[in-house]
């Protein structure tokens, strides 16, 4: 519900406009002098103001200037409705910030309320939209266990972080070979005939002086290392040296 403050020293006129505004769905209040009107502007925070220039304690022009200086009231619709409808007064009111100036005796409450409706619509359209919600970027601690690797510009040195400190030895890893031994035994047992034939072929290649002499001669004559390794592997897996 929109709120309208009526500041007028004539209680009959003020009450007439208050009743008319309330019938149109507005919430309205009245003040009889400028000083009280200034206090209610700050407390009531109206959406629009109807103001008579001829006021006691604080003139309408001075009140108008002070209202425009308040935070949030620079563009609030403010309609001057006065019997002091003189050219100088009209210009002074517009210069002080009045939205519209009307002669009180020549306008009806219905006409003034229609002007207020138009001014409030323009004021709503001209109001700046609310700022978009601010997106906060989560801050992840450097040492958080679930943190991704920090980028290079974080001041970390990836090489230094990955390598162990100087003077320390990297831990050794022991490998359990028992499973491989079981596989070797199973392979020998299930392929006994094929391995026997391979052993015969190896014995034909290796002369009677034994595998050690073959290795010694191979080293002295620079024989092919891969062939030699194959012969040694077959010999070890098909029997003793």
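The values are calculated or read from the model by the stated rules, or taken from the named source; none is laboratory data. No experiment lies behind these values; they were computed from the predicted model shown. Positions of Cβ are generated from backbone atoms using ideal geometry, with glycine treated the same way; all protein chains shown enter the neighbour counts.
Of the residues making up the range 9-29, those that are more than 23 Å from residue 121 (Cα to Cα) and buried (at least 16 other Cβ atoms within 10 Å of the Cβ) are 9, 13, 14.
Being out of contact with any strand residue (DSSP E or B) (no Cβ under 9 Å at 6 or more places or on another chain), in contact (Cβ under 8 Å) with a residue 12 or more places away in the chain and either surrounded by fewer than 22 Cβ atoms within 10 Å (Cβ to Cβ) or within 17 Å of residue 108 (Cα to Cα) (or both) is the requirement here; does residue 66 meet it? Working first, answer last.
Working: out of contact with any strand residue (DSSP E or B) (no Cβ under 9 Å at 6 or more places or on another chain): yes; in contact (Cβ under 8 Å) with a residue 12 or more places away in the chain: yes; either surrounded by fewer than 22 Cβ atoms within 10 Å (Cβ to Cβ) or within 17 Å of residue 108 (Cα to Cα) (or both): yes.
Yes; evaluated as a whole, the condition is true for this residue.
Among the residues of the range 82-119, those identified as within 16 Å of residue 4 (Cβ to Cβ) and part of a strand (DSSP E or B) are 100, 102.
Can we say residue 25 is assigned by TED's automatic domain parsing to the domain that holds residue 118, within 15 Å of residue 116 (Cβ to Cβ), under 46 Å from the mean Cα position of the chain (by Cα) and not in a strand (DSSP E or B)? Step through it out loud before you land on a result.
Details: assigned by TED's automatic domain parsing to the domain that holds residue 118: yes; within 15 Å of residue 116 (Cβ to Cβ): yes; under 46 Å from the mean Cα position of the chain (by Cα): yes; not in a strand (DSSP E or B): yes.
In short, yes.
Annotation: residue 72 fulfils all but one of (1) buried (at least 18 other Cβ atoms within 10 Å of the Cβ); (2) at positive phi; the unmet one is (1).
Return yes when residue 79 is in contact with a strand residue (DSSP E or B) (Cβ under 9 Å, 6 or more places away or on another chain), in a strand (DSSP E or B) and either within 23 Å of residue 124 (Cβ to Cβ) or at pLDDT below 90 (or both) and no when it is not.
yes
All told, residue 54 falls short of being more than 16 Å from residue 13 (Cα to Cα) and surrounded by fewer than 19 Cβ atoms within 10 Å (Cβ to Cβ). Could you please find all residues in the range 1-21 being within 21 Å of residue 100 (Cβ to Cβ) and in a helix (DSSP H, G or I)? Passing the criteria: 13, 14, 16, 17, 18, 20, 21.
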